[in-house]
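Worksheet: the structure to be examined is printed underneath.
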Amino acid sequence: MSAQNATLSVPEEVGLLYDRLTALDTEGTGGSLHLGFWDLDNTEVPLVEAADRLTDMMTERLRLEAGHKVLDVGCGLGQPAGRIARRTGAHVTGIAISRDQITRATELAEADGLAGQVEFQHGDAMNLPFPDASFDAVIAIESIFHMPDREQVLSEIQRVLKPGGRLTLTDFFARGPIPADKQEHVDRCLRDFIMTLADGDDYLPMLRRAGLRIAEFFDITEQSVRPTFQQMSQANDQLDPVFDEEADKKFSPADMVDVDEFGSVLLTAEKPR
Ligand code: SAH
């Protein structure tokens, strides 16, 4: 795939990847592009529902009130933004690096009657196109792992947050060294989706360096990554048109189900007053 095109920056590559994904029919996923959250004793709940549950858990952590201004960093097709706006009365601005996602998110919001309450614009989270202290809260659902410099993105988020404003994000991180026999599968997953794994040990110092105070570091790997890969491995055909390589080189969710070291964190932080 085009990740090998050396003339494009990582954000540009990621933008093209999501342009390709946008061309696919996403009805089956309910429009949200992230993993689910399940209670460990009830992993039969469909991914669409479990994905909304993760959005709702993150939204709760922002303590939003009607009229609050929220920034959604890496907003995808705008499904989470619309859900947050409807459920809280907040105004949500989404940005994404994929132009096709922005076009589609805008169309979908208009069709849902949310045009005045959510808005979407193309932009790179490494350089947020907003003034200092312009948002009450920031959400970033499974987007920061595509960005070349997490600390810069966190600094940018800190800059646009009002003092006392909250951030919630999910990110993939290494819970420990990847075993040699799993490395190839992890590398393929990271390469196909143009991602990196965060260093779990450096996350808290990195937040501090960016001027944010940690409120919660919730390792959701068991409730999120594993059941999602399990469900995806049963419905793998959906991704076929995106990855045009030979089948034996293609990312396969089944390979990832038992990689315990591939972790996901639900993180909440605050900009000090
Ligand atoms: N948060 C959405 C989409 C997750 S997919 C959801 O949960 O449904 C990852 C998103 O990150 C995509 O929308 C992609 O366009 C965006 N993204 C990746 N790199 C980015 C960057 N450098 N700047 C802005 N958005 C980026």
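Could you tell me whether the range 1-147 comes out rounded, prolate or oblate from its Cα gyration tensor? Rule is a ≥ b ≥ c as square roots of the eigenvalues, rounded for a/c under 1.5, then prolate if a/b exceeds b/c, otherwise oblate. It comes out oblate by the Cα gyration axes. Relative to the current alpha-carbon distance between L40 and L24, full extension at 0.36 nm per residue lengthens the span by 2.7 nm. With contacts taken as Cα pairs under 8 Å at a separation of at least 6 residues, the chain carries a relative contact order of 21 percent.
Most simply put, the chain has about 45% antiparallel DSSP beta bridges, counting only bridges with both residues inside it. The separation of the range 59-83 from the range 159-188, counted between C-alpha centres, amounts to 20 Å. Rg/Rh for the chain stands at 0.94; both radii use Cα atoms, and Rh follows the Kirkwood definition. Each of T168, T221 was scored by other Cβ atoms within 10 Å of its Cβ. Listed from fewest to most, they are T221, T168. Compared with the dominant Cα axis of the chain, that is its longest principal axis, helix 180-192 is turned about 50°. Lys-Lys pairs in the chain that are eight or more residues apart or on separate chains and whose Cα atoms lie under 25 Å of each other come to 5. Relative to the longest principal axis of the Cα atoms of the chain, helix 47-61 runs at roughly 40 degrees. Straightening the chain between K162 and D112 buys 15.1 nm, computed as 0.36 nm per residue apart minus the Cα-Cα spacing.
Extension gain for R208-A174 works out to 10.3 nm (0.36 nm per residue, less the C-alpha to C-alpha distance).
We did not get these values from a lab; they are worked out from the coordinates using the rules stated. Since the model is a prediction, treat every value here as computed from it, not as a measurement. Note: ideal-geometry Cβ built from the backbone for every residue, glycine included; neighbour counts use all protein chains shown.
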